[in-house]
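The values are calculated or read from the model by the stated rules, or taken from the named source; none is laboratory data. Owing to the predicted nature of the structure, the values given are computational and were not obtained by experimental measurement. Backbone-built Cβ (ideal geometry, glycine too); neighbour counts: all protein chains shown. Quick note on the areas: whole protein, heavy atoms, side chains included, nothing else; ligands and nucleic acids left out. Shrake-Rupley method; radii C 1.70, N 1.55, O 1.52, S 1.80 Å.
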Amino acid sequence: MPSSRYRDAHSKVDVPLIERTWPSRRLTAAPLWVPVDLCDGNQALAEPMDPERKRRFFELMVAMGYKEIEVGYPSASQTDYDFVRLIAESDIAPDDVTIVVFTPARRDLIERTVASIAGIDNPVVIHMYAATAPIWRDTVLGRDRADLKKLIVAGGRDVLELAGDLPNVRFEFSPEVFNLTEPDYALDVCDAMTELWQAAPERPVILNLPATVEIATPNVYADQIEYMHRNLARRDGVILSVHPHNDRGTGIACAELAVLAGAQRVEGCIFGNGERTGNVDIATLALNLHAQGVDPMIDFSDIDEIRRTVEYCNRIEVHPRHPYVGDLVHTAFSGTHQDAIRKGFAEHRARAEASGCGDREIEWRVPYLPIDPADIGRSYDAVIRVNSQSGKGGISYLLEAEYGVELPRRLQIDAARHVQRHTDATGDEVAAADLWRIFDEAYLVAEEAIALTGIETCEVGGGSSVRIVLSAGGIEHVSEHSDVGPVEALTAALDELGVEIEILELHQTSVRAGRGSEALTAIEYRGHGETGWAAGRDGSVLSASLAAVMVAANRSFARAGAVA
C-alpha cells in the first residue's frame, strides 16, 4: 500500500483556526432539504433517467413533502431542458415547491437555463457554480485566483442581467470543491457574489459550500463551514447550504456537523446516489433526526414504496444493510439480540397497556431497534429471523408471533438445541414454518409402542375414579385410579406397565390465538433416569395434556428398551 503518495487534508488546504462553537450545539430542527437526484444524481447514472422516470421521481419527492427540488441541468441535455419545460407547462409542481435549475458560469449556458424556466410561476432558484480549488484552477481551468474571480463575477452578472427582473427568481452560487479551496479565497468570491446579487433577507442568496470530493474528517468540514458562517458579509441575506459527498464514507457525519456549524440547508440524494461513492443520503439524515425526537418535516411512513420508486428510477438496488430502508436493518439473527428485542417488545406492550395508551403513542425504547419499524411502514415480521447464530429468544419470538405459542424458558433452551443442529447441518435461515416442523418432530411425535385407547372419569361415592385403557404389544391393559386427576391416573397406569414417567413441569398454551385455536401442552418429564420434553396438541386442553404424556412415555419406553 503506497500510502506515502498521498498528502493529508491539512497539507492541501489551510483550515481556519477558530474558536469552535459547533461541538457544543445540538440538532433541534430539520434544515431545508434539497434533493438533487434529478440533477447531480441523474448525471451519475449509467443510464440517465428517461422523461417518465424523471416525472415519477419528481412526483415522489413532492408527495414526501420536499419544498425545494433541483430538477435538472437544462443546458446539458435536451431531456433535462424538456423536463423543466414540462414543469412550466403543466401543474405537476404545487405552488409552494421551489424549482432549482443548475448552470455553469458561462453566458450561453446561462441563457439556455433562463429560457428553460420561462413561464414557471413557482419560486425558482438559478444555481450557478464554478470550481475554485487550486488544483482545479491550475490543472483544469488554467486561471489564477484573480482571473477566476473575474470569470465567476461575469457569470453572476449574466445571471443578473437575464433573470434579475423576474420576481419569482432567486440565485444560488456554489464554489465547487469548496472544501479544497483556500478559506480566504472562498470567502472573497462568495462575498463578491452576494454583493453583486444584493443579498438581503427579503431576497436571500443561497451560498452552497460543497465537499465535492471528501478529503478530511468531518470536523475539518465543520470548521470550514463555521468559518464561513461567522465571516460572511450580508449574513442575514444568505442561506448557507452544504453539499457533501461520501468519498470517505462520512458524508452523513459531515452534513450533521455542518448544520451544527451554521448550515441551514442540505443538498443530497434520497438513499445517497451520486458520483463515485455518492451524494450525502438525505433520507438517512432525516431519519436520524426522527430517531432523536426531531420532526424531519419529510414523510417516510411508507419507506418501502419510496425505495421501490427510487430503485426503479435509478435502476440501482438499495443495499440490504442501508440505514433505515434496507431489507435487513430491523432484523436480528443473533440470539442475544433476539432475546433482548423479544423482552423489549413485551415490556413495550405491558407499558402501553398499563398507561392506557396505544403502542404507537408511548416512548419507544426496544433494545437494538433505534426506531419503531412501524413508523416507516414496516411490519414486525422480519424483525427476528433464525439461523445458526440465533438462540432461544429468536425461536420463541417467531413461534409466538406466527403461531401464538409461548414456551417456558427451559423448553426454549431445549428447542434452541434442536434448531441449532438443523441450521449447523444446512447452513440455511429457518422460517417460522420450519421452526414449527422442527418443534413438531422434536416434541409432538414418537413411535407408538404404547397407545392410550380409552379414558373414563366417573363419580364413586364422594370421590372420583379414572379408568385408563392402554394398548401395548397388541394387549389391552385396564386400570382404575381413585381420587386423582386424569394426568396422574395415566402416569400411574404407565408405571404399572413398567414405564416410569415423572412430570416435572406442565405448561399450557395455545396454537394460533382466537376461535379455532388448539391447546398445546408441553411437559418436562423424567423417565428411566433421564429428563426430556414432550408436547401434545388437541382441541381439548385435557386431550393435549394426555397426548404429551403418551409422547413422553413412548420415548422413555424406547430409551429403556435401547438400554436393555
For residues that are assigned to a helix (DSSP H, G or I) and open to solvent by 20 Å² or more (accessible area, probe 1.4 Å), scanning just the range 428-445, find the one that is nearest to Thr531 (Cα to Cα). Leu444
Would you be able to say whether some residue in the range 475-490 is charged (D, E, K, R), open to solvent by 80 Å² or more (accessible area, probe 1.4 Å) and in contact (Cβ under 8 Å) with a residue 40 or more places away in the chain? no
Unique residue being under 25 Å from Ile298 (Cα atoms), out of contact with any helix residue (DSSP H, G or I) (no Cβ under 6 Å at 6 or more places or on another chain) and assigned to a strand (DSSP E or B) when the list is Val125, Val101, Val62, Val71: Val125
Pairs only if they're at least six apart or on different chains, beta carbon under 6 angstrom, first in the range 6-33 and farther than 21 Å from Leu285 by Cβ and open to solvent by 60 Å² or more (accessible area, probe 1.4 Å), second assigned to a loop (DSSP other than H, G, I, E, B) and polar (S, T, N, Q); list them, first residue then second. none
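Regarding the range 350-357, can at least one residue be identified that is out of contact with any Pro (no Cβ under 8 Å at 6 or more places or on another chain), assigned to a loop (DSSP other than H, G, I, E, B) and open to solvent by 40 Å² or more (accessible area, probe 1.4 Å)?
Among the residues of the range 350-357, at least one is out of contact with any Pro (no Cβ under 8 Å at 6 or more places or on another chain), assigned to a loop (DSSP other than H, G, I, E, B) and open to solvent by 40 Å² or more (accessible area, probe 1.4 Å), which makes the answer yes.
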Just need a number here: residues in the range 1-47 that are at pLDDT 85 or above and not in a helix (DSSP H, G or I). 25
I need the full set of residues from the range 412-427 which are assigned to a helix (DSSP H, G or I), open to solvent by less than 70 Å² (accessible area, probe 1.4 Å), more than 16 Å from Gln338 (Cβ to Cβ) and not β-branched (Val, Ile, Thr), in order please. Asp414, His418, His422
Report yes if Ala446 is closer than 30 Å to Gly404 by Cβ and touching a helix residue (DSSP H, G or I) at 6+ places or on another chain (Cβ under 6 Å), otherwise no. yes
Looking at (1) more than 16 Å from Ile18 (Cβ to Cβ); (2) under 38 Å from the mean Cα position of the chain (by Cα); (3) of a type outside the set (S, T, N, Q), can you tell me which one Leu196 breaks? (2)
Hits in the range 288-302 - residues which are touching a residue at least 24 places away in the same chain (Cβ under 8 Å) and open to solvent by 30 Å² or more (accessible area, probe 1.4 Å): Asn288, His290, Ala291, Gln292, Asp295, Met297, Asp299, Ser301, Asp302
Quick check on this structure: which one of Asp223, Asp299, Asp281 is touching a Phe, Trp or Tyr at 6+ places or on another chain (Cβ under 7 Å) and either within 28 Å of Lys149 (Cβ to Cβ) or modelled with pLDDT of 95 or more (or both)? Asp281
Going by the structure shown, is Ala76 assigned to a loop (DSSP other than H, G, I, E, B) and either closer than 21 Å to Ala261 by Cβ or modelled with pLDDT of 95 or more (or both)? no
Could you tell me whether any residue of the range 528-543 is of a type outside the set (S, T, N, Q), at pLDDT 90 or above, open to solvent by 10 Å² or more (accessible area, probe 1.4 Å) and farther than 27 Å from Ala432 by Cβ? yes
Quickly run through the range 40-67 and pick out the residues that are over 13 Å from Cys313 (Cα atoms) and either surrounded by 19 or more Cβ atoms within 10 Å (Cβ to Cβ) or among the hydrophobic types (A, V, I, L, M, F, W, C) (or both). Asp40, Val62, Ala63, Met64, Tyr66
Just the residues that are part of a loop (DSSP other than H, G, I, E, B) and either out of contact with any helix residue (DSSP H, G or I) (no Cβ under 7 Å at 6 or more places or on another chain) or surrounded by fewer than 22 Cβ atoms within 10 Å (Cβ to Cβ) (or both), please, taken from the range 166-180. Leu166, Pro167, Asn168
For the range 303-348, give me each residue that is more than 21 Å from Ala291 (Cβ to Cβ), without any contact (Cβ under 8 Å) to a residue 12 or more places away in the chain and basic (Lys, Arg). Arg308
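Any chance the range 312-322 includes a residue that's among the aromatic types (Phe, Trp, Tyr) and within 26 Å of Val430 (Cβ to Cβ)?
no
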Listed by first then second residue, the pairs whose first member lies in the range 188-206 and is in contact (Cβ under 8 Å) with a residue 60 or more places away in the chain and in a strand (DSSP E or B), whose partner is open to solvent by less than 60 Å² (accessible area, probe 1.4 Å) and among the basic types (Lys, Arg), with beta carbons under 6 Å and at least 6 positions apart or on separate chains, are none
Sort out which residues of the range 449-470 are at pLDDT 90 or above and open to solvent by 30 Å² or more (accessible area, probe 1.4 Å), and write them in order of number. Ala449, Leu452, Thr453, Ile455, Glu456, Arg467
Against the condition at pLDDT 90 or above, farther than 23 Å from Arg417 by Cα and open to solvent by 50 Å² or more (accessible area, probe 1.4 Å), how does Leu497 come out, does it pass? no
Just checking, does the range 332-345 include any residue being open to solvent by less than 60 Å² (accessible area, probe 1.4 Å), under 30 Å from Lys54 (Cβ atoms) and of a type in the set (Phe, Trp, Tyr)? no
In the range 221-261, the residues that are open to solvent by 10 Å² or more (accessible area, probe 1.4 Å) and of a type in the set (A, V, I, L, M, F, W, C): Leu232, Ala233, Ile239, Ile252, Ala253, Leu257, Val259, Leu260
Does Val478 fit the bill of being out of contact with any helix residue (DSSP H, G or I) (no Cβ under 7 Å at 6 or more places or on another chain) and modelled with pLDDT of 85 or more? yes
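Residue by residue, here is whether (1) of a type in the set (Val, Ile, Thr); (2) under 30 Å from Asn231 (Cβ atoms) holds:
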| site | (1), (2) |
| --- | --- |
| Thr250 | yes, yes |
| Gly262 | no, yes |
| Arg265 | no, yes |
| Gly268 | no, yes |
| Asp281 | no, yes |
| Asp295 | no, no |
| Ile298 | yes, no |
| Asp302 | no, no |
| Val325 | yes, no |
Within the range 375-398, is there a residue that is open to solvent by 40 Å² or more (accessible area, probe 1.4 Å), within 22 Å of Glu505 (Cβ to Cβ) and modelled with pLDDT of 75 or more? no
